[in-house]
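Notes for the one structure printed next.
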């Protein structure tokens, strides 16, 4: 996914914003390794493989995009109608939503929501013109009966999902991008999965489309009593609970190991004196250790996901990334710690870590590190 806001998983046309699904679970689902992803779960006909179905859908989607892309250059066409026709055709023929259809505005209480399509039972779709970003407010997407004169297409979808108990999941698209969203307790922190259709189909990125197909195929919405997305969400929450428990145990062990290590190091006499004299309380020492541990966890996570270094294909940036990986990287530190024979009494690994932390505060081009403050 892209280096912009949100999380990425090796597909720069996919973006996870917020906590709609856990990143690890979404990555598994995008690769076909989550629950409910066998061929029969996708209603693949006998005599065909899952890959053949995805390949067929990809060819259809490419043809659809070619026609829609040509319409984007024309000023004599209704942009909203063009997007609606493309999205409806894409959902029906590429993703298997056979019953997708236009729908009348939805009334919930005293408000009327101008929802465009219904993709499946209780799966609303808000469609905007390709000229309007999904986050740009426009009078056409403000619910009647509400106080706002303008809403973005995505805000309209989110507010409808929050207002209508029967609709838990929905889609929003302007033809260029497609988002999956769920009802949410707050509107201030949006959560969604976004697919960059323009790049995906315009540049014929089959692996990215395969991930989209696995995630959004109609079979994901038609499972009863709840959509597959809801099952994945529950799976992610259970996995997250296990991870948090494992993390808690690991953090406790790290606090003890680091705390004892700093106290025992011959060069840390000032630290020992400060604790004995009370100039540094045990609580303050604990908080410093905890801050260090969580900095390390953050560093391990962003480095593992390839999110640490700014996007830069220049030779200088590539060389800086190599220097970081070979001499300063968290992966190198982790691998070194796992080898008992690599242990010694030197403190060069700690000094390298201090350099990394300081570099991340202000930025360091020589290590391809951004300024995080």
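The values are calculated or read from the model by the stated rules, or taken from the named source; none is laboratory data. Bear in mind the structure is a predicted one, so any value in this text is a computation, not a measurement. Don't worry about glycine lacking a Cβ; one is built from the backbone with ideal geometry, like all the others, and counts go over all protein chains shown.
I'm checking my understanding of the structure. Among residues of region 61-77 that are modelled with pLDDT under 95 and in contact with a helix residue (DSSP H, G or I) (Cβ under 9 Å, 6 or more places away or on another chain), which one is farthest from residue 126 (Cα to Cα)? Among them, the one singled out is 74.
Among the residues examined, residue 308 qualifies as on the phi < 0 side of the Ramachandran plot and in contact with a strand residue (DSSP E or B) (Cβ under 8 Å, 6 or more places away or on another chain). Among the residues of region 117-127, is there at least one that is modelled with pLDDT under 95, surrounded by fewer than 13 Cβ atoms within 10 Å (Cβ to Cβ) and assigned by TED's automatic domain parsing to the domain that holds residue 206? Yes - at least one qualifying residue is present in region 117-127. Applying the selection to region 123-143, what residues are over 24 Å from the mean Cα position of the chain (by Cα) and touching a residue at least 12 places away in the same chain (Cβ under 8 Å)? Selection gives 129, 131, 138, 140, 141, 142, 143. A Cβ distance below 9 Å, combined with a sequence gap of six or more or placement on separate chains, defines the contacts here; from region 259-272, residues that are assigned by TED's automatic domain parsing to the domain that holds residue 284 and more than 17 Å from residue 351 (Cα to Cα) reach no residue that is modelled with pLDDT under 90 and in a helix (DSSP H, G or I). Every condition in (1) over 14 Å from the mean Cα position of the chain (by Cα); (2) surrounded by 17 or more Cβ atoms within 10 Å (Cβ to Cβ) is met by residue 60 except one, and the failing one is (2). When 289, 308, 333, 296 are checked against the criterion of being outside any helix (DSSP H, G or I) and surrounded by 14 or more Cβ atoms within 10 Å (Cβ to Cβ), 308 stands alone in meeting it. For residue 241, the test of being more than 18 Å from the chain's Cα centre (by Cα), within 23 Å of residue 63 (Cβ to Cβ) and surrounded by fewer than 17 Cβ atoms within 10 Å (Cβ to Cβ) is failed. For region 94-112, the condition of being more than 26 Å from the chain's Cα centre (by Cα), surrounded by 15 or more Cβ atoms within 10 Å (Cβ to Cβ) and within 20 Å of residue 202 (Cα to Cα) holds for none of the residues. The combined condition, being at pLDDT 95 or above and not in a helix (DSSP H, G or I), is fulfilled by residue 195.
To keep it simple, each residue is scored yes or no on (1) modelled with pLDDT under 90; (2) closer than 12 Å to residue 368 by Cβ; (3) in contact with a strand residue (DSSP E or B) (Cβ under 9 Å, 6 or more places away or on another chain).
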position: 276; (1), (2), (3): no, no, no
position: 279; (1), (2), (3): no, no, no
position: 297; (1), (2), (3): yes, no, no
position: 300; (1), (2), (3): yes, no, no
position: 313; (1), (2), (3): yes, yes, no
